[in-house]
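Below is one structure, written out as structure tokens; comments come after it.
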Amino acid sequence: MSLKRTAFFDRHVHAGGKMVAFAGFEMPVQYTPGIVEEHRCVRERVGVFDVSHMGEVEVAGADALAFVQNITINDASKLTPGRVQYSAMCYPDGGIVDDLLVYRMADRFMLVINAANTAKDIAWMQENVRGDVVLTDKSDATSLLAVQGPHALATLKKLTPTDLEPLQYYHWMHATIAGVPMLISRTGYTGELGYELYFPSDAATGSTVWEALMQAGKEFGIAPIGLGARDTLRLEMGFCLYGNDIDATTNPLEAGLGWITRLGKGAFIGRDAIRSMKEDGPKRKLVGFTVNDRAFPRHGYPIQIAGVDTGHVTSGTFSPTIEKGIGMGYVPADHATVGAGIEVMIRTKPVAATIVPLPFVKK
């Protein structure tokens with residue numbers, strides 16, 4: 001199967017991006033000089049991510065709200081136009097279909113879903129349509145850039161007549177950036193001040209916006225950022241990655257997502273299973289940990305307690321910010337306490353680690 005390319009493919013190649021297959025696309029995993037420098041660029045300056053591989057689905061019709069309420073675990077009725085909500089979709093057994101963002105428009109919703117899950121998610125949505133609901137897949141027609149870092153606002157202010165200062169976290173607005181009308185939201189996957197820009201997907205428009213951002217951010221040390229640094233940045237913040245930390249075998253309560261699970265809002269898919277787990281208490285929980293020596297964990301490495309395998313590392317890396325190995329993984333609920341010790345099997349050697357509160361980096 002041939003890989004898709006975003007509208008910024010030529011920009012990535014020109015910037016020295018190392019292109020890899022990811023979720024059906026050719027995407028940059030890193031640029032020169034590498035992941036650690038890109039990571040620090042976002043923490044200290046400002047970086048631009050191409051996340052156009054993400055999926056966008058519009059939900060319209062008289063029963064749009066009822067549909068979103070039924071298929072997601074958060075309470076979309078609390079949203080007013082201009083607001084965004086983090087949520088998830090679950091199967092009837094409580095397993096997670098995907099995590100997503102819910103955007104509230106005046107007369108519709110936009111659901112932003114993970115790239116690798118787009119086809120599966122849309123099929124699941126279609127299977128659960130009831131009443132007057134119209135689903136429109138806007139994924140291929142939408143480009144999405146994330147501008148993240150302490151100087152993100154200063155960079156964007158140079159490109160728009162719109163006052164972006166009042167835009168609050170998890171809110172969106174319409175604006176014109178570099179002469180291109182778009183939807184801009186105060187969201188991101190890094191924990192830094194950041195914005196995500198949604199606009200029509202074509203090479204000419206993409207080039208215009210990309211070059212304008214790079215020019216506007218030049219004085220701040222702006223740089224393109226690849227998938228590698230995106231992963232280390234999100235892990236430092238303790239953000240879940242679908243397919244690693246959460247999946248169809250994971251209940252939201254196990255994954256620490258009780259804060260987005262609104263059991264009192266009324267019926268929704270997965271509610272009974274989640275409620276049952278809440279009543280009984282989860283048998284395992286997702287925790288963050290730091291490794292006690294200079295080794296660092298990787299996805300899939302076994303986690304042991306007193307020499308007995310209890311799970312595996314769901315996400316792991318070296319943190320450029322705190323300069324030590326960090327990771328997440330599931331452990332028995334009665335051991336999921338801050339300060340408790342575990343061992344991570346790294347190259348067949350048990351390495352001591354300590355459970356710590358999330359996020360790893362406080363912002």
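Please treat every number below as a calculation from the coordinates, not as lab data. Because the structure is predicted, anything quoted here is derived from the model rather than measured. Note that we place each Cβ from the backbone using ideal geometry, even for glycine, and neighbour counts take in every protein chain shown.
What the phi angles of region 246-260 give under the Karplus curve with 6.51, -1.76 and 1.60, with θ = phi - 60°, is a coupling list of 9, 6, 5, 9, 10, 8, x, 5, 5, 8, x, 9, x, 5, 10 Hz, glycine and proline written as x. The trypsin sites (Lys or Arg not before Pro) of region 121-192 that DSSP puts in a loop, and whose beta carbon has at most 12 other beta carbons within 10 Å, are R130. May I ask for log10 I(q)/I(0) of region 283-358 at q = 0.21, 0.27, 0.28 Å⁻¹, from a Debye sum over the Cα atoms as equal point scatterers with solvent left out? Results for region 283-358 at q = 0.21, 0.27, 0.28 Å⁻¹ read -0.80, -1.37, -1.48.
Measuring max minus min along each principal axis, the C-alpha atoms of region 58-103 give extents of 31, 20, 17 Å (largest first). Return the whole-Å distance between the Cα centroid of region 106-168 and the Cα centroid of region 276-354. About 33 Å separates the Cα centre of region 106-168 from the one of region 276-354. Computed over the alpha carbons of region 205-363, Rg followed by Dmax gives 18.7, 57 Å. Along its principal axes, the chain has C-alpha extents of 60, 53, 44 angstrom, given from the largest down. Pull up the cross-link candidates among the aspartates and glutamates for K349, meaning alpha carbon to alpha carbon under 15 Å and not fewer than 8 places away within one chain. Candidates past the 8-residue exclusion: D293, D309. Beyond 18 Å in Cα-Cα separation lie the following of the pairs K157/K218; K78/K265; K4/K138; K283/K324; K158/K218: K283/K324.
Placing +1 on the Cβ of every Lys and Arg and -1 on the Cβ of every Asp and Glu, with nothing else charged, gives region 195-264 a dipole about its Cα centre of roughly 120 debye.
Charge dipole (Cα centre; +1 on Lys/Arg Cβ, -1 on Asp/Glu Cβ; no other charges) of the chain amounts to roughly 660 debye. Segment S2..V338, full-extension length gain: 116.4 nm, with 0.36 nm per residue of separation and the alpha-carbon distance subtracted. Relative contact order, whole percent, for the chain stands at 18, derived from Cα pairs under 8 Å and 6 or more residues apart. Taking a point 7 Å out from the Cα of R83 in the direction of its Cβ, the residues of region 171-194 whose backbone N falls within less than 20 Å of it are 171-174, 184-188. As a calculated quantity, the FRET efficiency between M105 and K363 at R0 = 41 Å, using C-beta atoms, amounts to about 0.90. Under a model in which nothing but the beta-carbon of Lys, Arg (+1) and Asp, Glu (-1) is charged, region 283-358 shows a dipole of about 140 debye around its Cα centre.
The distance between label points at A141 and K283 comes to 4.7 nm (points 7 Å beyond Cα on the Cα→Cβ vector).
Modelled this way, with points 7 Å down the Cα-to-C-beta line, the labels at A154 and E37 are 2.1 nm from one another.
Sorting V84, V291, V338 by the number of Cβ atoms found within 10 Å of their own Cβ, with the fewest placed first, yields V338, V84, V291.
Among the trypsin sites (Lys or Arg not before Pro) in region 240-340, those placed in a DSSP loop whose Cβ has at most 10 other Cβ atoms within 10 Å are R294. On full extension, the segment bounded by A62 and R275 gains 73.8 nm, given 0.36 nm per residue less the C-alpha separation. Footprinting exposure proxy ranking of K120, K349, fewest other C-beta atoms within 10 angstrom first, gives K349, K120.
The simple spin-label model puts a point 7 Å past each Cα toward its Cβ; for L263 and Y170 those points are separated by 2.0 nm.
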